[in-house]
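One structure is given below, encoded as structure tokens.
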2 protein chains.
Amino acid sequence: MKTIKAFAPATIANFNVGYDVLGVALSHIGDEVELAFNGKQENRIVAMINGEHLPVEADKNCCSVVVRKMQEHLGVFSGVDIRITKGFASGSGLGSSSASSAAAAFAYNELTGRPFTRKELVAFAAEGERVACGSAHVDNVAPSVLGGIVLAKGKETNDLIELPIIENLYAVTLFPDIKINTSDSRKILKDHIPLKTASKQVGLMGAFVSSLYDKDLQRFSSSLQDLMIEPMRSLLIPEFYEMKTAAMAHHALAFGISGSGPSVFAVAEGEKKAQGILTVLREVYRPAAIKIQTHVHALGKKNGAKIINRDYALH
Amino acid sequence: MKTIKAFAPATIANFNVGYDVLGVALSHIGDEVELAFNGKQENRIVAMINGEHLPVEADKNCCSVVVRKMQEHLGVFSGVDIRITKGFASGSGLGSSSASSAAAAFAYNELTGRPFTRKELVAFAAEGERVACGSAHVDNVAPSVLGGIVLAKGKETNDLIELPIIENLYAVTLFPDIKINTSDSRKILKDHIPLKTASKQVGLMGAFVSSLYDKDLQRFSSSLQDLMIEPMRSLLIPEFYEMKTAAMAHHALAFGISGSGPSVFAVAEGEKKAQGILTVLREVYRPAAIKIQTHVHALGKKNGAKIINRDYALH
């Protein structure tokens with residue numbers, strides 16, 4: 001039986017400067033999705049490891065929905081059995097459903113002889129987001145599929161822009177194990193923001209993108225700010241500003257909320273500074289009885305979805 | 001008597017994608033400011049050509065205010081006589097006060113042995129904007145001083161980013177001679193805008209900046225949009241959408257409002273297409289009894305403020 005296993009990484013959506021339009025792939029954690037043709041016309045979730053609370057019905061699970069959309073597009077319904085291994089917590093704000101959706105899209109494309117380009121897979125993976133989160137946002141799935149830093153100026157394949165990355169950047173992520181789901185986190189946002197704030201944020205995005213091309217770390221740091229969302233969403237994250245202050249005092253280039261939270265992230269130049277920031281962030285939470293999960297990730301290109309195992313032999 | 005004459009160009013502020021943070025220098029029109037030491041401690045406006053309605057009192061004229069600010073900063077009050085030649089209409093939305101302010105700053109810097117860098121002159125020129133328009137915006141003065149396309153992510157010298165330009169781009173400007181002053185044009189803007197609109201505009205700015213570095217004309221065109229301001233300000237400009245439709249149908253890469261209007265602009269690849277757009281824009285206004293002024297400008301670097309005459313001989 002032809003079998004393919006793909007990995008797709010966790011991601012930081014928004015990345016401070018680009019609410020709903022920017023995302024960054026993380027190297028260290030992600031989900032694995034294994035697909036095997038099952039000789040039927042339907043797709044089945046046959047294993048869900050570390051995600052017992054997640055739906056396994058074919059029309060509700062993000063992976064099977066992604067595969068189904070690809071089958072519909074191809075007009076070929078070669079059913080698969082799907083084994084999902086979650087590599088990090090869902091509800092963390094690190095793109096859990098996106099990582100599964102991206103891995104499913106990547107695996108099914110490989111299994112069927114690559115009918116789609118890597119960029120084209122983003123739209124299918126976004127269908128997993130639609131079933132998991134209620135809307136087909138691409139700010140997590142795009143970097144999970146493509147790797148690196150991806151700007152999505154719209155929802156079309158042509159709207160995905162793979163931005164350059166400055167070398168030797170690391171991200172620290174900290175997930176405080178409190179429950180904030182995406183829809184609650186969206187509800188705390190006001191519908192309208194001041195025109196002046198919007199204008200400044202537009203300027204910050206322009207400066208941020210130019211910093212990547214010019215490899216200007218000082219500008220990268222000064223532009224990686226979130227004026228629109230952080231003032232509201234930070235209210236839901238215990239000790240947010242204590243962590244931010246501590247991180248920035250320890251050489252962080254930026255600090256912010258990952259996606260809709262509650263995970264937070266810091267960016268640093270070099271792994272040593274990243275580890276130092278991790279240490280001070282842990283200190284902030286030490287007095288609290290909140291369980292945390294932390295990781296350090298190299299940021300870079302070519303850390304998108306990938307095949308980690310293939311078995312084409314007959315069983 | 002030591003005499004210096006400087007030219008500084010008209011500019012398109014906002015340039016669709018960057019309300020209050022982006023500006024572009026135009027090559028074809030601008031103001032001239034001539035300075036000569038007068039042996040006194042005060043500055044005097046001794047000529048104002050083509051700008052009879054503009055203030056000539058030293059504390060109200062933008063040029064003399066700029067010179068005064070530079071003198072205060074240097075702590076040296078070598079007074080100058082100032083001759084201003086306006087090269088285009090004030091109230092046009094093409095940065096009239098900025099061109100004068102930029103030329104004054106550039107000329108005084110040259111006259112006093114270049115104590116400031118070109119970038120540092122922007123803050124002084126912005127003081128001319130403060131007296132002329134009520135606030136020290138830099139989105140016109142920065143490109144007028146520096147040339148090219150300038151992003152201002154803040155008001156500090158370090159916040160000015162000189163973006164790359166794609167070769168062979170031309171701007172068409174059309175000034176319909178109706179009266180909209182900047183403060184009226186600001187009043188029509190709502191204080192708040194939808195978060196979703198802001199988010200999309202942020203994405204457009206990111207895409208626009210990346211298009212300049214990647215020299216991607218298709219992305220340049222698709223990202224050069226104004227979702228925030230145009231829907232409101234276009235109401236003040238007769239036949240705005242008729243002109244936009246006509247321009248876009250004739251190979252314009254973008255069309256929009258210059259600054260706070262009423263001037264509009266189109267961007268085209270190559271001078272021939274620019275001339276073609278100019279022709280169709282003129283057609284739109286032909287039935288109306290509105291006087292128009294039109295120009296075609298090469299966009300490019302090194303079209304900022306410059307010295308056009310110097311006379312160091314003794315009179």
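Values in this text are rule-based calculations from the coordinates and carry no lab data. Remember, predicted model here, so these are calculated numbers, not experimental data. Don't worry about glycine lacking a Cβ; one is built from the backbone with ideal geometry, like all the others, and counts go over all protein chains shown.
Annotations
- Rounded to the nearest 10 degrees, the angle from helix B:62-74 to the longest Cα principal axis of chain B is 60 degrees.
- Taking other C-beta atoms within 10 angstrom as a stand-in for reagent exposure, A:68, B:130 fall in the order B:130, A:68, fewest first.
- Note on region B:111-187: dipole from Cβ charges, positive end direction compared against B:169, B:146, B:125; the farthest Cα belongs to B:125.
- Put simply, the convex hull of the Cα atoms in region B:16-97 casts, on average, a shadow of 6.5 nm².
- Max mean-square fluctuation residue, GNM over chain B, Cα-Cα springs under 10 Å, options B:24, B:141, B:172: B:172
- Amide H contacts of residue B:147 (H built 1.01 Å from N, in plane; Pro and chain starts excluded): B:304, B:305 sit under 5 Å, all sequence-distant by 5 or more or on other chains.
- Size of electric dipole in the protein assembly as shown: Cβ of Lys, Arg +1 and of Asp, Glu -1, about Cα centre, debye, nearest 20: 180
- What you get for region A:169-298, charging only the Cβ of Lys and Arg (+1) and of Asp and Glu (-1), is a dipole of about 160 debye around the Cα centre.
- For chain B, built as a Gaussian network whose Cα springs stay under 10 Å, the top-fluctuating residue of B:234, B:101, B:199: B:199
- Each Lys and Arg Cβ is given +1 and each Asp and Glu Cβ -1; about its Cα centre, chain A then shows a dipole of about 100 debye.
- For chain B, calculated [θ]222 nm from helices alone, where every DSSP H run of n ≥ 4 adds -39500 (n - 2.57): -11000 deg cm²/dmol
- In sequence order, calculated HN-Hα J values of region B:294-307 (Karplus, 6.51, -1.76, 1.60; Hz; x Gly/Pro): 10, 8, 10, 10, 6, 8, x, 6, 6, 10, x, 4, 8, 7
- Once the Cα atoms are used to define both axes, helix A:271-285 deviates from the longest principal axis of chain A by about 80 degrees.
- Sequentially through region A:158-171, phi angles give Karplus couplings (6.51, -1.76, 1.60; θ = phi - 60°) of 5, 7, 8, 10, 7, 7, x, 10, 7, 5, 6, 8, 10, 10 Hz, Gly and Pro residues having no value and appearing as x.
- Shielding of A:227-236 by partner chains, average beta-carbon count, 10 Å: 1
- The modelled label-to-label distance for the pair residue A:306/residue B:46, using points 7 Å beyond Cα in the direction of Cβ, is 7.3 nm.
- Neighbour counts of C-beta atoms inside 10 Å place A:138, A:66, A:56 in the sequence A:56, A:138, A:66, starting with the fewest.
- Count Lys and Arg as plus one, Asp and Glu as minus one, and take only other residues whose Cβ is under 10 Å from that of residue A:141; the net charge is then -3.
- Other-copy label distances relative to residue A:306, 7 angstrom Cα-Cβ extension, nm: 5.2
- Rounded D (µm²/s) - the protein assembly as shown, Kirkwood Rh over Cα pairs, Stokes-Einstein at 37 °C, 0.692 mPa s: 124
- Positive contributions from Lys and Arg (+1) and negative ones from Asp and Glu (-1), summed over other residues with Cβ under 11 Å from the Cβ of residue B:227, come out at 0.
- Summing charges over neighbours of residue A:240, with a neighbour being any other residue whose Cβ is under 12 Å away from its Cβ, gives -2 when K and R count +1 and D and E count -1.
- Fewest-first ordering of B:250, B:73 by other beta carbons within 10 Å of each residue's beta carbon gives B:73, B:250.
- Chain B: relative contact order in percent, alpha carbon pairs under 8 Å with at least 6 residues between: 26
- For residue B:80, the amide hydrogen comes within under 5 Å of the amide hydrogens of B:38, B:43, B:44, counting only partners 5 or more places away or on other chains and with H modelled in the peptide plane.
- Of A:213, A:231, A:285, farthest towards positive along the dipole that unit charges on Lys, Arg, Asp, Glu beta carbons give region A:169-298: A:231
- Using θ = phi - 60° and Karplus 6.51 cos²θ - 1.76 cosθ + 1.60, couplings along region A:31-48 (whole Hz; Gly, Pro as x): 10, 10, 10, 10, 10, 9, 4, 10, x, 10, 9, 10, 9, 10, 8, 9, 7, 9
- Peptide B:207-219 is shielded by partner chain Cβ atoms: per residue, an average of 5 of them sit within 10 Å of its Cβ.
- Placing a label point 7 Å from the Cα of residue A:76 along the Cα-to-Cβ direction, the residues of region A:109-129 whose backbone N falls under 19 Å from that point are A:109-122, A:124-125.
- Of the residues B:50, A:61, B:27, the one whose Cα sits farthest toward the positive end of the charge dipole of the protein assembly as shown, with +1 on the Cβ of Lys and Arg and -1 on the Cβ of Asp and Glu, is B:27.
- Less than 5 angstrom separates the built amide H of residue B:254 from those of B:267, all sequence-distant by 5 or more or on a different chain.
- Averaging the Cα positions of each part gives two centres, and for region B:167-240 and region B:89-120 these lie 25 Å apart.
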